[in-house]
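Engineer: Okay, handing you the structure first.
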């Protein structure tokens with residue numbers, strides 16, 4: 001395979017990320033969310049009520065950043081902070097009804113976009129796409145890990 005085909009394929013992947021990013025930003029804005037706040041809601045939906053420390057770890061952000069994110073979601077009515085019954089010192093971040101409905105809408109939108117993008121693909125084409133995409137994602141993870149290691153070794 002020639003390098004120009006590889007570059008054209010990478011251009012398509014980059015265009016895909018731009019289009020998906022634009023769609024996500026627009027959709028989240030209509031819901032009153034930013035990408036970071038939506039990510040927190042997604043994690044909270046997956047984990048159930050949990051501490052800010054657990055959310056910070058899941059989102060790989062600092063304690064200060066998670067406090068700011070949760071503050072914003074509390075102010076806009078998506079979550080509350082509730083005392084933890086098992087540990088009086090802990091505070092749990094919990095969905096409000098608006099947060100629960102919004103998180104469900106995020107999951108529904110995710111499923112619907114997947115259906116819109118892939119439903120008309122034959123199983124053979126989809127399987128090839130899925131296999132190729134998995135390969136690219138794994139290669140990118142390897143390349144990024146090698147870059148990080150090289151940067152660390154050079155420091």
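Read-outs throughout are calculated quantities, based only on the coordinates presented, and are distinct from any laboratory measurement. Keep in mind that what you see is a predicted model, and the values were worked out from it rather than measured. Positions of Cβ are backbone-derived with ideal geometry, glycine not excepted, and every protein chain shown enters the neighbour counts.
Engineer: Along Cα→Cβ, 7 Å out, is where each label goes; now give me the distance between the ones at residue 94 and residue 64 in nm to one decimal.
Structural biologist: 3.0
Engineer: Further question: Would you compute, from DSSP H runs of 4+ residues alone, the mean residue ellipticity of the chain at 222 nm, taking -39500 (n - 2.57) per run and dividing by the full residue count, rounded to the nearest 500?
Structural biologist: Taking each H run of at least 4 residues, the total per residue is -26000 deg cm²/dmol.
Engineer: Compute the distribution of all C-alpha to C-alpha distances in the stretch 32-120, in bins of 5 Å from 0, and list the percent of pairs in each, rounded to whole numbers.
Structural biologist: That works out to 3, 14, 24, 24, 16, 9, 6, 3, 2, 0, 0, in percent per bin.
Engineer: Pairing the Cα long axis of helix 123-154 with the longest principal axis of the chain, what angle in degrees results, from 0 to 90 and rounded to the nearest 10?
Structural biologist: Compared with the principal axis, the helix lies near 70 degrees.
Engineer: Taking the Kirkwood radius as the inverse of the mean 1/r across Cα pairs, report the Rg/Rh of the stretch 75-132.
Structural biologist: 1.31
Engineer: Then there's this: Work out, step by step, the length gained on full extension between residue 46 and residue 148: first 0.36 nm times the residue separation, then minus their alpha carbon distance; give nm to one decimal.
Structural biologist: Gain on stretching residue 46 to residue 148: 33.8 nm.
Engineer: Here is a follow-up. How far, in degrees from 0 to 90, does helix 35-47 lean away from the longest principal axis of the Cα atoms of the chain, to the nearest 10?
Structural biologist: For 35-47 against the chain, the angle is about 70 degrees.
Engineer: Using only Cα atoms, what Kirkwood radius does the chain have, in angstroms?
Structural biologist: 18.6
Engineer: While we're looking at this one, here's another question. Counting other beta carbons within 10 Å of each residue's own, what order do 91, 66 fall into, fewest first?
Structural biologist: Lowest to highest Cβ neighbour count: 91, 66.
Engineer: Give me the distance in nm between label points sitting 7 Å out from Cα along the Cα-to-Cβ direction at residue 27 and residue 107, one decimal.
Structural biologist: 1.5
Engineer: Starting from 0.36 nm per residue, how many nanometres of slack lie between residue 7 and residue 131 once their C-alpha separation is accounted for?
Structural biologist: Answer, rounded to one decimal: 42.7 nm.
Engineer: For the chain, with a Gaussian network of springs between Cα atoms less than 10 Å apart, report the residue from 26, 130, 108 with the top mean-square fluctuation.
Structural biologist: In the Gaussian network model the winner is 130.
Engineer: Which angle from 0 to 90°, rounded to the nearest 10, does the C-alpha axis of helix 3-31 make with the longest principal axis of the chain?
Structural biologist: Orientation of helix 3-31: about 20 degrees from the principal axis.
Engineer: So, R0 is 35 Å and r is the distance between the beta-carbons of residue 75 and residue 120; what FRET efficiency does that work out to, to 0.05?
Structural biologist: 0.25
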